[in-house]
Amino acid sequence: MQKAYKLQGKHRHYDWGGNTFLPNLMGVENVNHLPYAEYWMGTHPLAASTIQTIEGEKDLSKLINEQPVQWLGKEVAHKYNALPYLYKILDVHDMLSIQVHPSKQNAVLGFKAEQAKDIAIDAANRNYKDENHKPEIMVALSDFWLLHGFLPPAILEERLNTYSCLKPLMNEFRGGDYQNLYSFFMQLPMEASDSILKPLLKEASAAVAKGTVTKNDPHFWAHKYYADGIPLKNIDKGIFSIYILNIVYIPKYQGIFQGAGILHAYLEGQNIELMANSDNVLRGGLTPKHVDVKELIQHVNFVPTYVSILKGKKLTDQEINYPCPVPDFSLTKIVLNPGDVYTISTYSLEMLLVMDGEVIIEDIAYKAGDTALLTPNAKLTIKAKAAAILFKSYVPK
C-alpha cells in the first residue's frame, strides 16, 4: 500500500462565494464566472473526495467503508468507523448566514425526531442532516472578518444605548439576560422588527456614505448586506445579530475555534476550515434559507463570548499546532524553506494541503492547491522544491 496519494476534492458553487480565489489557486478556468465558494476534502456524502491510485481514481468513502482499519488506523476505525472530519477551503465574498451548531447529544436527538416525522433529508425545512456535532476551527488565508458570539455585557449595553432605535431593547437585556433579548427580538412580528431595523439601516447607509465607519463597525456590515437598497418590509432579522455579536478580525494564518452553541457568521475573506464531518446548521438570519427560530433558540449558548484568537503553538521549528478542544480533528501549519526535508509519522488518515510553494512527497510533486492523503501508521518525508506552506489535518491520539 502506498504511503501517500494525490487527493481530489470537490468544489461547491454557493452564491456567496467569490469567482477568482479558488480557480486561481487550483488552476481552474472559470469561463462561466461561477461562484467558487468552498472546496471540500473528505468523505461527506454530498461531495466525497477521490484519490489517484495506480488503478485509477478511487472513491475515498468506498475505500474506507471496505477497509476502515487500513485507511483510518485501528484506533480511529474502532472509535468512529468513518473519517471523523471534513476539511475545506472557503472564499467568502458575501456574508454567510447567522448560524449555530448543535452539540453531539442534541444532534442525535434532533435527527431522530425529524426522521420520525418523515421529513426528507433534502427538505428545505430540515434542520438535522445527520447525528453528528459540528465543532470547527478556521485559519485565515487573508484578512478575515466574522461574527463570533455575544458581546460582553457592558459593551452590549453600550451598543444598545448608542442607537436610538435599539435603545428600547435595553428593557429586555436587564441583568445581562442574553436569552431574553435575543428571543424577544427574533420572535417579534415582522412589522415590529421592521420598525426597528429600517431606521437602523438608514442610519448605516448614511454613515457609510459619509465614510465615517470601518469594518469594526456594525453599520458597515449591515449596509453591505443591503447595499442594493433597504427593503420596504420583511427586513431580515439577522441584521440585529450584527449589532449584538462580536465583530472579529483575524489576520492571515491566525485562527479561531467555534464550538456548539456559538452564534456566528463569516463576513468576508478566505480561510481553511476543519470540522467534524457534519452538515448540521441552525440558521438565525442573513439568508433566504429556512430559519426555525424555536429550534435555534434551544441550541444557542446565551452567555458572553470573550474572543480568543489562535496564533498557533510551536511543535518544532517548522510546525505549529492550532489547538482544537475536541477529539475528532486537529490542525497544524508546516513552513518549509527551499531544500528543507521534513519527516512526518502518521497516526490516522492525514491530509496535507499545499497552500504555497511546491513539495515532493513519496516521489510525487505537489504544488499550491494540491492535497496529499497520507495513510495511517506511516513515516514519510516532505522535500521542499521551493519555499512552501502546508496545512495538515489529522485525528489526534
Legend entry - Residue satisfying all of: in the range 45-88; part of a helix (DSSP H, G or I) and polar (S, T, N, Q); farthest from the chain's Cα centre (by Cα) among these: Q70
Inset, instruction - List every residue pair whose Cβ atoms sit under 8 Å apart, with the two residues 6 or more apart in sequence or on different chains, where the first one lies in the range 11-38 and is of a type in the set (D, E) and the second, anywhere, is in a helix (DSSP H, G or I). - result: E29/P23
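Rundown of residues vs (1) in contact with a strand residue (DSSP E or B) (Cβ under 6 Å, 6 or more places away or on another chain); (2) under 30 Å from K3 (Cβ atoms), yes/no style:
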| site | (1), (2) |
| --- | --- |
| L267 | yes, no |
| N280 | no, no |
| L296 | yes, no |
| N301 | no, no |
| T305 | yes, no |
| E319 | yes, yes |
| I334 | yes, yes |
| L353 | yes, yes |
Inset, instruction - Identify the single condition in (1) touching a helix residue (DSSP H, G or I) at 6+ places or on another chain (Cβ under 9 Å); (2) aliphatic (A, V, I, L, M); (3) free of Cβ contacts under 8 Å to residues at least 60 places away in the same chain that L181 does not satisfy, given that it satisfies every other one. - result: (3)
Inset, instruction - Considering every residue within the range 331-348, establish whether at least one is at positive phi, not in a strand (DSSP E or B) and not aromatic (F, W, Y). - result: yes
Legend entry - Index of the failed condition, R174 passing every other in (1) free of Cβ contacts under 8 Å to residues at least 12 places away in the same chain; (2) part of a helix (DSSP H, G or I); (3) more than 30 Å from G255 (Cα to Cα): (2)
Legend entry - Residue within the range 107-129 that is in contact with a Gly (Cβ under 9 Å, 6 or more places away or on another chain), of a type outside the set (K, R) and at pLDDT below 95 present: yes
Legend entry - In the range 232-255, residue farthest from M170 (Cα to Cα) [restricted to those that are within 18 Å of the chain's Cα centre (by Cα) and of a type in the set (F, W, Y)]: Y253
Legend entry - Residue that is farthest from the chain's Cα centre (by Cα), among those in the range 345-397 that are of a type in the set (D, E) and at pLDDT 95 or above: E358
Inset, instruction - Say whether the condition of being touching a residue at least 12 places away in the same chain (Cβ under 8 Å), surrounded by fewer than 17 Cβ atoms within 10 Å (Cβ to Cβ), more than 19 Å from H44 (Cα to Cα) and of a type in the set (D, E) is met by at least one residue in the range 318-328. - result: no
Legend entry - Any hit, the range 349-372, residues being surrounded by fewer than 21 Cβ atoms within 10 Å (Cβ to Cβ) and closer than 25 Å to H133 by Cα: no
Legend entry - Members of the range 148-167 found to be hydrophobic (A, V, I, L, M, F, W, C) and either closer than 14 Å to Y178 by Cα or not assigned by TED's automatic domain parsing to the domain that holds S195 (or both), listed by number: F150, L151, A154, I155, L156, L160
Legend entry - Single residue of S193, S205 found to be small (G, A, S), in the same structural domain as L286 (by TED's automatic domain parsing) and closer than 28 Å to V303 by Cβ: S193
Legend entry - Evaluation of D91 against (1) more than 30 Å from Y347 (Cβ to Cβ); (2) part of a loop (DSSP other than H, G, I, E, B); (3) touching a Leu at 6+ places or on another chain (Cβ under 9 Å) (one fails), failing number: (2)
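The values are calculated or read from the model by the stated rules, or taken from the named source; none is laboratory data. Note that the structure is a prediction, hence the values are computed from the model and not measured. FYI the Cβ positions are ideal-geometry reconstructions off the backbone, even for glycines, and counts take in every protein chain you see.
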